[in-house]
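Asks: Handing you a structure now.
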Amino acid sequence: MSEPPVTPERRVRLGLRENRAQFWLLVAIVAFVGAMVGLERSTLPLIGRESFHLSSDAAVLSFLIAFGVVKALTNLGAGALAQRVGRRRLLIAGWAAGLPVPLLIAIAPSWAWIVAANVLLGINQGLAWSMTVLMKIDLVGPRRRGLASGLNEAAGYGAVGLAAGLSGVLAGGFGARSVLVVGGAIIAVTAFLLSVVFVRDTAAHVALEQTRHHGGADEQQPALRRAFAQATYQQPALRSCSQAGLVNNLNDGLAWGLVPLYLAAHGASVAGPLV
């Protein structure tokens, strides 16, 4: 007798407990994503002033503008590519883009190299952060999506804050640039290897959910232009989410780019209190 066909129901299961190893691995990886940004929070604007002698705030903040624009465009493209290319491949591509960042900062002869490094960091953040949250949602299924998203954001932004504080303390003793280079290299290499060796794609989990809730048929995806219009201004609920995200990231950018310069101008050192 021949074996019965293997269906998605038999291969995989949805749920946090059922997929706890992969789920918590992805939580760790998004923490690495956040830590890459956190390393720059306390130090990079000051490096622009002290190491590259930039006198204009606009020039110092050019790294942040490049990062934000590239990350936004990468997020937009990642949503369209995730289904066709696969979540795991995009996650690995994101960390591959992050690998040269510490090297560029280490050898940078000019501020333009730092801006280029942050272009790659924007790609890393746009792909890696997006894929970790999508893969967690795939694993847990529709009932636990809110919990999966919350744990993702808590781990990512918690790592941002922790790495920012730790890098500030270490920079006082070892130098801001050295902390960025060594810490960034450890984070990028570790997260890349974890993604390549241990992360498994979640396409089967997506197929299982579609079988259970949509009769096995793929949902019709709206065109990018239509989806952008719906999320940006046509549907009130999505419009509110988009506006909240804009304000949140604007505040985040101001804290990243302007607060270190403001504190330095008022006598604060990288690791110490106001004088």
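All of the numbers you see were taken from the coordinates with simple rules; none came from a lab. Worth saying up front: this structure is predicted, and the values here are computed from it rather than measured. A quick note on method: Cβ atoms are made from the backbone with ideal geometry, for glycine too, and the neighbour counts reach across all protein chains shown.
Asks: Given the DSSP H assignment, sum -39500 (n - 2.57) over each helix run of at least 4 residues in the chain and divide by its residue total; what's the result at 222 nm in deg cm²/dmol, nearest 500?
Replies: Value at 222 nm, helices only: -25000 deg cm²/dmol.
Asks: Quickly work out the Leu166-to-Ala72 label distance, labels modelled 7 Å from Cα along the C-beta direction, and quote it in nm with one decimal.
Replies: It is 3.1 nm.
Asks: Compute the FRET efficiency between Arg226 and Glu18 as 1/(1 + (r/R0)^6), taking r as their Cβ-Cβ distance and R0 = 35 Å, and round to the nearest 0.05.
Replies: Working from the Cβ atoms, E equals 0.50.
Asks: Considering only DSSP states other than H, G, I, E and B, which chymotrypsin sites (Phe, Trp or Tyr not before Pro) in the range 128-209 qualify as loop sites with at most 16 other Cβ atoms within 10 Å?
Replies: Of the chymotrypsin sites (Phe, Trp or Tyr not before Pro), the ones in loops of the range 128-209 whose Cβ has at most 16 other Cβ atoms within 10 Å are Phe198.
Asks: How tilted is helix 87-98 with respect to the longest principal axis of the chain? Cα atoms for both, answer in degrees (0 to 90, nearest 10).
Replies: 10 degrees
Asks: Could you compute the net charge surrounding Leu64? Neighbours are other residues with a C-beta less than 12 Å from the C-beta of Leu64; K and R count +1, D and E count -1.
Replies: With Lys, Arg at +1 and Asp, Glu at -1, the neighbours total -1.
Asks: Please find the FRET efficiency linking Ala58 to Gln83, where r is the Cβ-Cβ separation and R0 is fixed at 35 Å, and quote it to the nearest 0.05.
Replies: 0.35
Asks: Taking Cα atoms, how many degrees apart are the long axis of helix 111-140 and the longest axis of the chain, rounded to 10 and kept between 0 and 90?
Replies: 30 degrees
Asks: In addition: Of the listed values (i) 38, 21, 16; (ii) 34, 33, 17; (iii) 32, 19, 17, grab the one calculated as semi-axes √(5λ) of the Cα gyration tensor in Å from the structure here.
Replies: Answer label, from the structure shown: (i).
Asks: Now for a different question. What angle do you read, to the nearest 10 degrees and between 0 and 90, between the alpha-carbon axis of helix 176-197 and the longest principal axis of the chain?
Replies: Relative to the chain, helix 176-197 is tipped by roughly 10 degrees.
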